[in-house]
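**Q** Here you go, one structure.
The values are calculated or read from the model by the stated rules, or taken from the named source; none is laboratory data. The shown structure was predicted, so the numbers you read here are calculated from the model rather than taken from an experiment. Positions of Cβ are generated from backbone atoms using ideal geometry, with glycine treated the same way; all protein chains shown enter the neighbour counts.
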Amino acid sequence: MKKAILTLIKYLFFLGLGIFLVWWSIHKMGDKNWEECKTALKTARFILFIPVFFILIASHVSRAMRWRILMKPMGYNPSLVNTFFAVMVGYLANLAVPRLGEVLKCTILGKYEKVPPDKLVGTILVERAIDVVSLLLVFIIAIATQASIIGEYAKKTITSNFLSGNRESMILKLVILIALVVIFYFTLKFIFKKYSEIGLVKKINILFKGVGAGLSSVKNLQNKKAFIFHSIFIWFCYASGTYIGFFVIPQTSDLPIAAAFPVLAFASIGMIVTPGGIGTYQWFIMEVMFLYGIEISYGYANGLLQWIAQFFIILIVGFVSLIALPYYNRQSKKTTLAKL
């Protein structure tokens, strides 16, 4: 109960932060810029949402295929349809409660494909690690190709969001973190050895072993080339969708293709900061586009439209997946029984 209340408070805080940033962004624009923003929204080329829809769906299918590759070394081969549905329902859940989707994805495959959820947790951790590395690579590409435009802004943003504090305090935090991890590891090892017959300890031990099996799956990949391909393709789709999004309003359509990398990189930070990126996603896009000479009204309008496109894709496809899951599996079960 206490954990649920803390999760709710945390969610409401970040949701409130996102709503505040929406209000503050509009307030900062002033009446003239807000009117320009509304005009841009009214004259937007919504037809471009169609290719963006298919590009982002392709990225989600690719993510489902990559997840299946991670499960195969553990001896599990869930259907692509169920894996895709689980991915989309996970995204849908994350719009409501951050990180709930990661748990729900595992639960869905555990229910419909009989894959132990504890082992899937390890594969989720591997996926998140790969995503972090991919995002870092996008940042490197952005800074390497657009250093003269975004270099100073990148340094300021990364420092304020991830490297705040002086050098000494950062080193101290790192040392404390490492010490806590070491203490935690040896404490668990002692407990598992000393009290291995206690029921609760057994369950926790099984959970950790499952997570370990999921993590080790990356070492035993049977198709490494496909895994690397999907990891690149997912972010290629994100960058392509971002670039096509530039053409939604005329005022941002002249941005160079290289601008898609810094816009994607900083917008991704926005998706991390608040639930679903509300407020922060369009804020970061507006800030980066301003560096390219785009007025804040048009930058915000473009960011808002790109956020709306992603939000509704997840909302629509997520709900369809949630409804289709039991139906698809009933039909699949009937087909299997008919063949026997």
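**Q** Could you tell me whether residue 29 is surrounded by 15 or more Cβ atoms within 10 Å (Cβ to Cβ), modelled with pLDDT under 60 and either over 18 Å from the mean Cα position of the chain (by Cα) or under 18 Å from residue 309 (Cβ atoms) (or both)?
**A** yes
**Q** I've got another one for you. I'm checking my understanding of the structure. Among residues of segment 252-298 that are touching an Asp or Glu at 6+ places or on another chain (Cβ under 8 Å), over 28 Å from residue 318 (Cβ atoms) and buried (at least 21 other Cβ atoms within 10 Å of the Cβ), which one is modelled with the highest pLDDT?
**A** Here the residue is 298.
**Q** Can you find, within segment 220-242, the residue that is surrounded by the most Cβ atoms within 10 Å (Cβ to Cβ) among those that are under 14 Å from residue 54 (Cα atoms) and hydroxyl-bearing (Ser, Thr, Tyr)?
**A** Per the criteria, the residue is 242.
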